[in-house]
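Take a look at the structure set out below.
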Ligand SMILES: *[C@@H]1O[C@H](CO)[C@@H](O)[C@H](O)[C@H]1NC(C)=O
Ligand SMILES: *[C@@H]1O[C@H](CO)[C@@H](O)[C@H](O)[C@H]1NC(C)=O
Ligand SMILES: [Zn+2]
């Protein structure tokens with residue numbers, strides 16, 4: 001029995017190790033281009049590619065310190081002009097408004113007034129280049145099409161979705177298509193710097209207009225065209241939840257004193273703080289296999305070797321949930337992040353001089369919380385840690401949520417959208433119809449976004465939850481993820497065309513008044 005159990009654990013370990021090379025393992029550089037659907041005709045051909053490439057030429061970096069969060073207002077104005085000229089049917093067949101200074105809100109009226117609208121969310125701002133401009137193969141704002149790729153900041157995050165959604169809607173309108181359900185597109189201008197002035201403001205407009213949404217469809221997952229060893233097909237990762245975000249500030253106060261006669265009990269502020277840091281780096285507030293990580297593992301079950309399918313299928317049951325969580329936690333930092341609330345020590349301060357004991361010491365802990373976590377729990381957690389490591393100096397410790405640059409104290413993790421609900425089923429169907437590669441549809445799996453998206457601003461308006469996914473194929477093993485927010489961001493031309501085709505199909509499916517069960 002014991003032997004059997006350890007054998008089962010060994011097999012599970014091997015399996016888990018195999019499939020979670022997924023998403024995230026961006027280290028191995030293995031160039032093996034995968035076949036992709038060619039839908040040139042449908043996607044609008046090279047002209048559609050040129051319209052997208054031009055969008056990449058505008059320097060739309062957002063910045064938390066700038067007025068309206070934009071560095072170069074003229075560039076954002078130029079983007080609006082470019083979109084108006086490139087996708088003219090959208091401006092004639094729908095209500096397209098420039099709102100909240102530099103955001104775009106498109107309302108495509110559906111034929112059936114009693115069906116609730118679906119909100120598509122995207123953003124036109126991008127992250128800075130970070131002084132690495134000379135390391136790029138093509139200029140980051142060059143909009144260059146070369147070597148089968150479209151190059152530039154925003155090619156993946158996420159001007160691709162701005163262009164491909166508008167391209168697909170423009171073509172559908174031109175072909176006389178009208179959705180039954182109203183389709184709304186909200187393109188923010190400051191997603192990379194909190195989204196407060198773009199998405200936050202547009203959510204207010206929709207609320208004022210009395211809009212209730214059937215579902216929200218934002219960025220987040222992608223199609224991983226490599227990465228899971230036992231699945232040959234690409235895997236479409238549709239994120240059904242995103243983590244929360246906050247900074248906790250831990251301070252230690254002490255009387256200071258001369259460094260020639262330090263205390264003998266480790267009670268200086270620097271010593272106490274170092275013990276808090278040491279604990280935080282080696283323990284996490286929560287390690288657990290929870291939805292949607294559970295859903296992800298279960299969706300993988302049918303593709304796993306026969307012997308271990310039951311283990312994956314029942315991973316939500318004790319003790320398998322406990323076991324899988326521990327395995328994933330130990331496997332890699334990426335998989336650990338899937339099953340834990342992460343804590344990173346980011347900003348440590350103490351002392352002013354080489355011969356003076358510091359009065360105050362402080363550290364900032366950047367924390368990404370699992371679904372279900374309440375931010376106040378983190379304050380309690382660090383308070384407890386502080387009490388334990390400080391001994392008699394416990395009263396000298398203060399803990400609080402720190403407002404980060406955006407001025408907010410962070411945000412709660414999202415609710416988890418059901419992966420057995422009709423919104424998920426409808427999107428899954430459209431993706432499998434539109435993204436067939438050599439006769440094979442992608443495998444679809446629910447997923448957890450580690451970062452944040454604009455969708456949180458709209459969440460309260462949706463009765464059917466939020467799905468986060470851009471229908472673009474990225475070759476994970478070839479390091480395509482590392483280019484996002486990095487150097488040489490780019491997307492393959494066929495992948496862009498496929499995104500346009502997919503958005504068309506998604507729009508048609510979401511546009512129906514009755515969704516797939
Ligand atoms: C309009 O939408 C509602 C709600 O989805 C649905 O019940 C009804 O059948 C639709 N009507 C038509 C004519 O499609
Ligand atoms: C999750 O859902 C509950 C109940 O609908 C709601 O009150 C809460 O605000 C939601 N949380 C988030 C982060 O959207
Ligand atoms: Zn983004």
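Rule-based calculations on the coordinates, nothing more; no lab input. No experiment lies behind these values; they were computed from the predicted model shown. Because the Cβ atoms are built from the backbone with ideal geometry, glycine has one as well, and the counts that use them run over all protein chains shown.
See the values below:
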item	result
Per-residue [θ]222 nm for the chain (sum of -39500 (n - 2.57) over DSSP H runs n ≥ 4, rounded to 500)	-10000 deg cm²/dmol
Distance (nanometres) between label positions extended 7 Å along Cα→Cβ at residue 279 and residue 207	3.8
Three-way shape call for segment 42-154 based on the alpha-carbon gyration tensor, with the a/c threshold at 1.5	oblate
Rounded, prolate or oblate (a/c below 1.5 giving rounded, otherwise prolate when a/b exceeds b/c) for segment 359-446 by Cα gyration tensor	prolate
Burial ordering of 232, 456, 54, fewest other beta-carbon atoms within 10 Å first	232, 54, 456
Value of relative contact order over the chain, rounded to a whole percent, pairs C-alpha under 8 Å and six or more apart	27
Prolate/oblate/rounded call for segment 244-411, Cα gyration tensor, a/c under 1.5 rounded	prolate
On Cα atoms only, tilt of 493-511 relative to the major axis of the chain in degrees	80
q = 0.07, 0.08, 0.12, 0.13 Å⁻¹, the chain: log10 I(q)/I(0) [Debye, one scatterer per Cα]	-0.42, -0.55, -1.14, -1.29
Förster radius 60 Å - calculated FRET efficiency between residue 81 and residue 264 (Cβ-Cβ, nearest 0.05)	0.30
Length-normalised contact order of segment 391-509 in % [C-alpha pairs under 8 Å, at least 6 apart]	29
Order of 138, 279 under a 10 Å beta carbon neighbour criterion, fewest first	279, 138
Per-selection metrics, segment 291-362 (Cα): Rg and Dmax in Å	20.7, 66
Segment 43-148 - percent relative contact order, Cα under 8 Å, separation 6 or more	30
Sorted peptide list for 167-174, 144-151, criterion being average Cβ within 10 angstrom, highest first	167-174, 144-151
Euclidean distance between Cα centres, segment 40-112 to segment 194-272, Å	28
Contour minus Cα-Cα distance for residue 314 and residue 485 (0.36 nm per residue)	57.9 nm
Computed P(r) (all Cα pairs; segment 215-339; 10 Å bins; percent)	10, 29, 25, 15, 11, 8, 2
Angle between the chain longest axis and helix 422-434 axis [Cα atoms, degrees, rounded to 10]	60
Rounded to 10°, Cα long-axis angle of helix 159-174 versus longest principal axis of the chain	20
